[in-house]
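Here is the structure we will look at, set down as structure tokens.
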Amino acid sequence: MVEREGPFAAGPGLLVSARDAAEALVALAGGADVIDLKEPHEGALGAVAPAVLAEAVAAVAGRRLVSATTGDLPADAIDAIVSRARATAAAGVDYVKIGLFPGPVLPLIAALGEALAAPSSFSSTWREGDGARLEVAASHPPLEGEGRRAAPGWCDAPSPTAPPSARLVAVLFADAGYDPALFASLAAAGFAGVVIDTADKKAGRLLDHLDRPALAVAIAHARRAGLFLGLAGSLRRADIAALAPLGPDLIGFRGPPAAPPTARRVSPPRRWRRLRPISRRPAPGRPERMPSGAMGPPRPVVVKVGGSLVRAGRYGGALGVLADSPHPVVLVPGGGAFADAVRAAQAIDGFDDGLAHRLAVRAMGMVAEILVAASPDRLSLAASADEIAAVLAAGRVPVWMPEPMVIGAPDIAESWSITSDSLAVWLAGRIGARAVLLLKSVDAGAATIAAADAVAAGLVDEALPAFAAASDLPIRLIGPADAASLPIALAGGAAGTRLSPAGRAASE
């Protein structure tokens with residue numbers, strides 16, 4: 001079982017869609033973190049009528065975060081979208097969700113960004129970790145009926161009498177040209193987050209359009225842009241187990257089915273209440289910001305990058321995935337061609353294994369410098385546990401320089417039986433890592449392999465079975481065939497080949 005700590009230790013926040021005040025109260029009773037108001041009969045992001053929205057916000061009464069959609073408006077209806085966003089924010093919601101339907105979305109994003117900064121309409125403030133605030137002027141022009149759908153009452157919605165505030169959230173569609181390149185533009189415009197949803201509910205669910213590795217990459221892009229990210233799209237309770245390990249901030253569900261208002265106010269349906277224990281997040285009061293968590297630093301994953309991958313020039317793609325991972329990562333380099341040169345020199349000059357071991361450890365440091373040179377904006381060298389912690393705290397990926405910690409360590413024999421594989425497991429124990437991934441240039445060819453069998457197959461060094469047994473950490477071998485599943489492995493999922501420390505290989 002994967003041990004989860006840090007921002008996602010308690011599971012993602014639970015977003016539940018509601019159509020009116022009655023369903024909002026059911027969501028409240030069921031433990032939703034965010035209550036999302038929308039009218040599904042009006043489209044994927046159908047807006048509820050202004051009076052219904054106001055009633056629902058009043059019913060929730062600040063006990064949970066509330067979001068609301070602005071409707072299925074085309075991307076070129078910029079004035080209508082800005083006006084609808086103002087009116088939605090004026091109802092007192094915390095988040096205004098803007099659907100980025102196919103079309104010229106960059107002008108729309110830019111217009112919303114300009115509106116945020118315009119003192120006559122919107123103004124924005126930015127606090128680290130708090131996203132952008134959409135502050136609505138005391139009056140605004142009514143919506144003029146533009147767009148594909150307009151909920152009853154929107155065309156003649158009254159102007160707000162006070163300047164409320166809300167944060168903007170973009171909705172991207174997995175089934176309609178989802179483009180993660182938009183994340184940077186959204187962040188620059190002051191958006192607080194992104195929800196990946198589906199536009200056509202009859203054309204499949206979220207996972208029918210984007211698989212888990214693609215979603216893991218999307219979450220990584222959102223993290224780098226400083227956005228929170230939610231996942232939705234006809235999700236089912238069973239999807240939580242597949243999606244939660246990826247580390248989204250929110251997982252969204254449609255609320256309870258239609259029922260008499262009295263019944264809906266009293267008790268959430270049994271099937272829906274069961275979502276709370278699965279997400280494992282305690283039902284909160286109204287949080288100050290989107291629940292991305294602040295539970296202390298998460299434990300990293302130690303990833304050994306084989307020197308042969310560096311020699312073959314095949315580390316670039318993996319480095320990008322590792323550097324963009326929403327989960328903290330510590331890289332351990334292999335010795336590569338430098339270690340091979342040590343072996344060749346030993347065969348010629350006959351120096352002992354102790355010296356060969358020390359030179360091979362230094363070879364790992366040389367490869368570390370090569371890796372950092374390949375991505376200097378995201379990777380940093382680190383030679384101690386304290387330096388590793390400091391690099392992680394700075395939001396970067398530490399690449400281990402092993403010599404200061406390894407040379408002279410009493411539990412590290414100076415022998416060729418200990419290579420970067422065993423040293424990666426050893427380091428993981430020293431820094432409190434939660435797992436070890438060994439990136440290999442060949443595939444193990446099985447879901448699980450016993451450590452002794454991995455040694456016999458030449459996949460790992462001779463000392464690794466003992467180090468693995470002593471560490472009691474999950475260890476996986478990731479070969480070329482598993483490359484696409486690397487984000488899943490980083491999240492703690494079953495990807496690659498699981499290494500069983502002792503005895504016969506057990507099934508997953």
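Phe351 passes all but one of (1) touching a residue at least 12 places away in the same chain (Cβ under 8 Å); (2) among the aromatic types (Phe, Trp, Tyr); (3) out of contact with any helix residue (DSSP H, G or I) (no Cβ under 7 Å at 6 or more places or on another chain); which number fails?
(1)
Based on what the data block shows, is Leu235 more than 17 Å from Val96 (Cα to Cα) and either in a strand (DSSP E or B) or modelled with pLDDT of 90 or more (or both)?
yes
Matching residues to (1) modelled with pLDDT of 50 or more; (2) out of contact with any Lys or Arg (no Cβ under 9 Å at 6 or more places or on another chain):
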| residue | (1), (2) |
| --- | --- |
| Leu108 | yes, yes |
| Asp130 | no, no |
| Glu144 | no, yes |
| Ala166 | yes, no |
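Considering Leu37, Leu53, Leu28, which residue is farther than 30 Å from Gly492 by Cα and at pLDDT below 90?
Testing whether each residue is farther than 30 Å from Gly492 by Cα and at pLDDT below 90 leaves just Leu28.
If you go through region 100-111 one residue at a time, do you hit one that is outside any helix (DSSP H, G or I), of a type in the set (A, V, I, L, M) and under 21 Å from Gly190 (Cβ atoms)? Write out each step before concluding.
Looking only at region 100-111, we keep the residues that are outside any helix (DSSP H, G or I), and these are 100-104.
Cutting the leftovers down to of a type in the set (A, V, I, L, M) gives us 100.
Still in the running and under 21 Å from Gly190 (Cβ atoms): 100.
Yes: region 100-111 contains one or more residues that are outside any helix (DSSP H, G or I), of a type in the set (A, V, I, L, M) and under 21 Å from Gly190 (Cβ atoms).
Cβ-Cβ under 6 Å, sequence separation 6+ or interchain: first residue in region 424-449 and in contact (Cβ under 8 Å) with a residue 40 or more places away in the chain, partner hydroxyl-bearing (Ser, Thr, Tyr) and surrounded by fewer than 24 Cβ atoms within 10 Å (Cβ to Cβ). Which pairs?
From region 424-449, the pairs are Val425/Ser471; Gly429/Ser471; Ser441/Ser308; Thr448/Ser500.
When you go through Ala214, Ala189, Ala203 one by one, which is the residue that is over 25 Å from Leu486 (Cβ atoms) and out of contact with any helix residue (DSSP H, G or I) (no Cβ under 7 Å at 6 or more places or on another chain)?
Testing whether each residue is over 25 Å from Leu486 (Cβ atoms) and out of contact with any helix residue (DSSP H, G or I) (no Cβ under 7 Å at 6 or more places or on another chain) leaves just Ala203.
Given (1) on the phi > 0 side of the Ramachandran plot; (2) modelled with pLDDT of 90 or more; (3) not β-branched (Val, Ile, Thr), identify the lone condition not met by Arg63.
All conditions are met except number (1).
Out of Leu45, Leu37, Leu106, Leu73, which single residue is crowded, with 22+ Cβ neighbours inside 10 Å, of a type in the set (A, V, I, L, M) and farther than 27 Å from Pro12 by Cα?
The conditions single out Leu73.
So which strands (runs of 3 or more DSSP E) are wholly in region 400-501 and hold at least 2 residues that are at pLDDT 90 or above, buried (at least 22 other Cβ atoms within 10 Å of the Cβ) and on the phi < 0 side of the Ramachandran plot?
Result: 435-439, 475-478, 497-500.
Just checking, which of Ala389, Ala385, Ala363 is surrounded by 22 or more Cβ atoms within 10 Å (Cβ to Cβ), in the same structural domain as Ala428 (by TED's automatic domain parsing) and touching a residue at least 24 places away in the same chain (Cβ under 8 Å)?
Answer to the selection: Ala363.
I need every pair where a residue in region 466-494 that is touching a residue at least 40 places away in the same chain (Cβ under 8 Å) has its Cβ under 7 Å from the Cβ of a residue that is assigned to a helix (DSSP H, G or I) and of a type in the set (S, T, N, Q), sequence separation at least 6 or different chains.
The qualifying pairs are Phe467/Ser422.
The values are calculated or read from the model by the stated rules, or taken from the named source; none is laboratory data. What you see is a predicted model, and the numbers here were worked out from it, not measured in a lab. Note: ideal-geometry Cβ built from the backbone for every residue, glycine included; neighbour counts use all protein chains shown.
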